[in-house]
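The values are calculated or read from the model by the stated rules, or taken from the named source; none is laboratory data. Note that the structure is predicted; figures quoted are calculated from it, not measured. In this analysis, Cβ positions are derived from the backbone assuming ideal geometry, glycine residues included, and neighbour counts consider all displayed protein chains. With ligands, DNA and RNA removed, areas are computed over all heavy atoms of the protein, side chains included. Shrake-Rupley method; radii C 1.70, N 1.55, O 1.52, S 1.80 Å.
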Amino acid sequence: PYLPAEQIDSYIAGLIILAAAPCTAMVFVWSNLSRGEPHFTLTQVALNDTIMVFAFAPIVGLLLGLSAITVPWETLLLSVLLYIVVPLVIAQGLRAALLRREDGPAQLKRTVDTLGPVSLIALLATLVLLFGFQGEQILSQPLIILMLAVPILIQVFFNSGLAYLLNYA
């Protein structure tokens, strides 16, 4: 009853897609900003990427199907390919190319040190722009934002807890 009736399907679809897509870049950024433990961060990102590559399309397809919302499988698989697999392959290719050089490990470190601040600024700018463009909606509908945040927060705690338990084991 708190959501506009004509937009419930959109809210449900958006929530399912957001909650099923743990943001790996954010994990790196926030861990870096909070001086988090780098090995835990790496395993958290590896777990998130694994979930995204193998489970995103099936989970989203199932949940949207249960909600009677249709999204073509091609769209879900293309999303995984474009937003996870392609960047992952490019990053691994760049890493391998740098490590093949004579001063490979040093070159990789210089590249990571150079790209680190650029990626941090780009990600934070993306957040500012996203929230800036949606600021009016966020401020005018705080209850809806809170209702949407709860399941996403549960997903974050679940993934973080799972990564912690896997690291502990």
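A 1.4 Å probe run over the protein chains yields, for the stretch 117-169, 77 Å² of accessible area per residue, whole-number rounding. Toward the positive end of the charge dipole of the stretch 24-169, about the Cα centre and with charges on Cβ (Lys, Arg +1; Asp, Glu -1), which of 104, 91, 159 goes farthest? The one lying farthest along the dipole's positive direction is 104. In order along the stretch 35-41, the Karplus-derived 3J(HN,Hα) couplings, from 6.51 cos²θ - 1.76 cosθ + 1.60 at θ = phi - 60°, round to 6, x, 6, x, 5, 5, 4 Hz, and Gly and Pro are given as x. The angle between the Cα long axis of helix 104-133 and the main principal axis of the chain comes to about 20°, on a 0 to 90 degree scale.
Relative to the longest principal axis of the Cα atoms of the chain, the long axis of helix 8-19 lies at roughly 20 degrees.
Based on protein heavy atoms only, the stretch 1-83 ends up with 64 Å² per residue of surface accessible to a 1.4 Å probe.
Here the chain has 73 percent of its accessible surface on carbon and sulfur atoms, given a 1.4 Å probe and all protein chains in place.
Report the charge-dipole magnitude of the chain in Debye, nearest 20, computed about the Cα centre from +1 at each Lys and Arg Cβ and -1 at each Asp and Glu Cβ. Walk me through the numbers on the way to the answer.
Working: 6 positive and 9 negative charges, 107 e Å.
Computed charge dipole of the chain: roughly 520 debye.
Accessible surface of residue 152, taken over heavy atoms with a 1.4 Å probe and every protein chain present, rounds to 50 Å². The stretch 79-119 and the stretch 20-43 have Cα centres lying 17 Å from one another.
Toward the positive end of the charge dipole of the stretch 1-101, with +1 on the Cβ of Lys and Arg and -1 on the Cβ of Asp and Glu, the farthest Cα among 73, 18, 45 is that of 45.
Rounded to the nearest 10 degrees, the inclination of helix 142-168 to the longest alpha-carbon principal axis of the chain is 40 degrees.
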